[in-house]
1. Of the conditions (1) modelled with pLDDT of 95 or more; (2) buried (at least 20 other Cβ atoms within 10 Å of the Cβ), GLY175 fails just one. Which one is it?
2. Name every residue in the range 221-257 that is within 18 Å of SER48 (Cβ to Cβ) and assigned to a helix (DSSP H, G or I), in order of residue number.
3. Would you confirm whether any residue within the range 282-299 is under 28 Å from LYS46 (Cα atoms), part of a helix (DSSP H, G or I) and of a type in the set (Ser, Thr, Tyr)?
4. In the range 318-336, which residues are surrounded by 13 or more Cβ atoms within 10 Å (Cβ to Cβ) and either hydrophobic (A, V, I, L, M, F, W, C) or not in a helix (DSSP H, G or I) (or both)?
5. Tell me the residue from ALA152, ALA160 that is among the aliphatic types (A, V, I, L, M), over 25 Å from LEU28 (Cβ atoms) and within 21 Å of the chain's Cα centre (by Cα), please.
6. Go through the range 191-234 and report how many residues are within 24 Å of the chain's Cα centre (by Cα), of a type outside the set (A, V, I, L, M, F, W, C) and under 28 Å from ILE36 (Cβ atoms).
7. Scan the range 48-75 for residues that are buried (at least 22 other Cβ atoms within 10 Å of the Cβ) and either in contact with a Pro (Cβ under 6 Å, 6 or more places away or on another chain) or within 25 Å of LYS134 (Cβ to Cβ) (or both) and report the count.
8. Counting only residues that are assigned to a loop (DSSP other than H, G, I, E, B) and polar (S, T, N, Q), how many does the range 37-82 have?
Amino acid sequence: MYFSIEPKAKRSDLFGMSYQLDLLKKYLLDADARMIVIKGLRRTGKTSLLNVALNETSIESVKIDVREAPFYNRREFIIFLIKKIKEKDDSLIKKIVEKIAGIKLKYKEVSIELLFNQEENINLFFSNLNSELKKENKRLILAFDEAQLLTAINFDFFLASIFDNYKNIKLLLTGSEIGLLDNLLGRLNYEAPLFGRAYLEIEITKIKEEGIRKFLEEGFKQINKKIEFEEMREVIENLDGIMGWATYYGWFRHKGFSHQKALEKVKEEGKGIIKREIENFLSNRKAKVKYLKLINYIAKGSNTWELLKQAFRKDNLNVSDSQLNLYLKELINFGFIEKLSEKYFISDPLLSVSR
């Protein structure tokens, strides 16, 4: 069902992504494609695309939602990853762990935490994993959803090692904080570990107005209801082309809410979600007031560099050219604003109503 609010797992529930799905599957089956990247703003369907592609691909895969993993500590994260691989193929991991342990212990007695507390054992694990995969003529996809969060633990060094040394392990990364994901990938930074590593990229964009209309029409048919033209117009006007919010609206309608109540509910709950995202972004930044002012200026139409400078001056706030450039770059990197043809726009329509 299009209006189910959890990330999709089946092609029939995935709207408007047939081309991207077939392309991603093609990349996953291509032995020469060592690293694949899915990029897009929050709530545009990256995780759903990832899930469906992995489910439709014959290659074994391990998916990590980085938000749910201990991504503030490199070793803890890698141990978490190894445990996830173990869940996927326990017999394969049994062989590897027994080799690394080098002692006659029963497999169940070997502590993953203790064994991989040493860096050399982590390296041995992935070396042996690659060797076993090669022996069995298999490949393994390691998929990291919201991979940009891994910049906090310098995980790019580990990814570069996988890319360079272990040909039977394929990397798949998704990211919504596009600038941070680019930083992880080493774009334009020749000193970054992943700089120069070839990867294939799929970008998910907002759905255009006609696409949202079709999504709503087909979604309402699935739940045996009808949406009026004026209701559809208000959804498009208020929620722009963000698939996640349109899905949320449809889910509330499916649960019996009126059009107005459903729209209000999406705005209310969306406001809370975005407020938390903004608060997390601002938590370690000194110029909180200026960041918030900047978002509000853009939301109210001051969307060029000169107009933003004027807005700060009008409010008697001293912001240098370099500071303004930094604030804009940070907001773009974290996906809160977009830059199109030298103009700045709020990425998510509900962000402008969240203040």
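The values are calculated or read from the model by the stated rules, or taken from the named source; none is laboratory data. Quantities reported herein were computed from a predicted structural model and do not represent experimental measurements. Virtual Cβ from ideal backbone geometry, glycine too; neighbours counted across all protein chains shown.
1. Result: GLY175 fails condition (1) only.
2. First, pick out the residues of the range 221-257 that are within 18 Å of SER48 (Cβ to Cβ): 222, 239, 241-251, 254.
Those that are within 18 Å of SER48 (Cβ to Cβ) and assigned to a helix (DSSP H, G or I): GLN222, LEU239, MET243, GLY244, TRP245, ALA246, THR247, TYR248, TYR249, GLY250, TRP251, HIS254.
3. Within the range 282-299, one or more residues are under 28 Å from LYS46 (Cα atoms), part of a helix (DSSP H, G or I) and of a type in the set (Ser, Thr, Tyr).
4. Of everything in the range 318-336, those that are surrounded by 13 or more Cβ atoms within 10 Å (Cβ to Cβ) and either hydrophobic (A, V, I, L, M, F, W, C) or not in a helix (DSSP H, G or I) (or both) turn out to be VAL319, LEU324, LEU326, LEU328, LEU331, ILE332, PHE334, GLY335, PHE336.
5. Details: ALA160 fails: over 25 Å from LEU28 (Cβ atoms).
Of ALA152, ALA160, the one residue that is among the aliphatic types (A, V, I, L, M), over 25 Å from LEU28 (Cβ atoms) and within 21 Å of the chain's Cα centre (by Cα) is ALA152.
6. Result for the range 191-234: 10.
7. Result for the range 48-75: 2.
8. Kept after step one, since they are assigned to a loop (DSSP other than H, G, I, E, B), are these residues of the range 37-82: 41-45, 57-59, 69-73.
Remaining after also requiring polar (S, T, N, Q): 44, 57-58, 73.
Result for the range 37-82: 4.
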